[in-house]
Structures are given as C-alpha cells and as structure tokens.
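Since the structure comes first, as structure tokens, the remarks are kept for the end.
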Amino acid sequence: MLACRYLYFQLFSHRTLFEEPSDPEGGAPEEDEEILSLHGSCCWLAVATVLIAVLSETLTATLTDAGQEWGLGSQFVGFVILPIVGNAAEHSTAIVTAPPPEPPPTPPPHSHLHSHLSMHACIHTCYSHRVR
C-alpha cells in the first residue's frame with residue numbers, strides 16, 4: 001500500500017519535484033540514447049524475476065532445513081536469520097559490483113606548510129586572547 005502511495009506521489013501529485021531541470025538556454029533537453037527496447041526490457045525483467053524467485057526459494061529451503069537441524073523455530077528463522085542472510089548477500093553483491101574508488105586528489109606542493117602556519121596562527125590567537 002505504501003508503494004502505491006509513493007508512486008502516486010511521484011507520478012501525479014508532485015511530478016514537478018522529480019522532473020529534470022530544463023536547459024537554461026531554453027532549448028529542448030537532451031534525449032538519452034535508448035539501450036533496450038520495451039520488449040527487450042520486459043524480457044530481461046521476466047528473466048531476472050524468475051532467477052530471483054528460484055534463488056529465493058533455494059535460500060529459504062536451505063535455511064529452513066538448517067534451522068530444523070539446529071533446533072531453531074521456523075518463526076525465528078523467518079524473522080531473524082533469513083533477513084540477516086539476505087542483507088549480507090545484498091551487501092556483498094553491492095561491494096563486488098561497486099566501481100573502484102577514485103584515488104584522492106594529490107595535495108598541492110607545500111600544502112602542509114599552509115596548514116602548519118594556520119595552526120600556529122590559531123594557537124597564537126587563542127593564547128593571546130586568553131593572556132589578556
């Protein structure tokens with residue numbers, strides 16, 4: 001029910017919040033290149049749905065069997081163990097598929113001197129105000 005309300009909010013009642021800003025020169029916004037057709041997208045969505053359903057059933061059956069073998073109740077397995085395993089799998093997938101981090105920008109030469117000087121200026125200012 002909450003997902004339906006969110007879709008209504010996003011697509012109808014507050015559509016302007018989610019639209020891309022227009023070109024400042026008044027021209028038409030650039031169109032994205034179409035990667036997949038509607039038919040191809042629906043096919044990939046169906047294949048992914050079937051694969052996820054099969055994997056979910058396999059995971060659930062494995063955890064249920066393991067829970068029975070360890071003497072855990074089915075409610076405990078369903079409400080505690082299954083979400084923990086699912087989150088761990090999702091997290092590991094996100095880590096594996098994430099793009100590699102960009103190296104940090106190199107500091108300009110002698111930047112350590114500027115930070116050193118500013119630190120000494122702050123200490124001197126604080127000390128001189130405290131002494132007076």
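Observations on the structure shown:
- Verdict on residue 62 being β-branched (Val, Ile, Thr), more than 30 Å from residue 20 (Cβ to Cβ) and either surrounded by 11 or more Cβ atoms within 10 Å (Cβ to Cβ) or at pLDDT below 90 (or both): yes
- Output for the range 1-15, where each listed residue is part of a helix (DSSP H, G or I) and either within 22 Å of the chain's Cα centre (by Cα) or not polar (S, T, N, Q) (or both): 2, 3, 4, 5, 6, 7, 8, 9, 10, 11, 12, 15
- The range 49-70 residues that are more than 13 Å from residue 86 (Cα to Cα) and free of Cβ contacts under 8 Å to residues at least 12 places away in the same chain, paired with ones that are hydroxyl-bearing (Ser, Thr, Tyr) and part of a helix (DSSP H, G or I) (beta carbon under 8 Å, 6 or more apart): 68/74
The values are calculated or read from the model by the stated rules, or taken from the named source; none is laboratory data. Model, not experiment: these values are computed from the prediction. Positions of Cβ are generated from backbone atoms using ideal geometry, with glycine treated the same way; all protein chains shown enter the neighbour counts.
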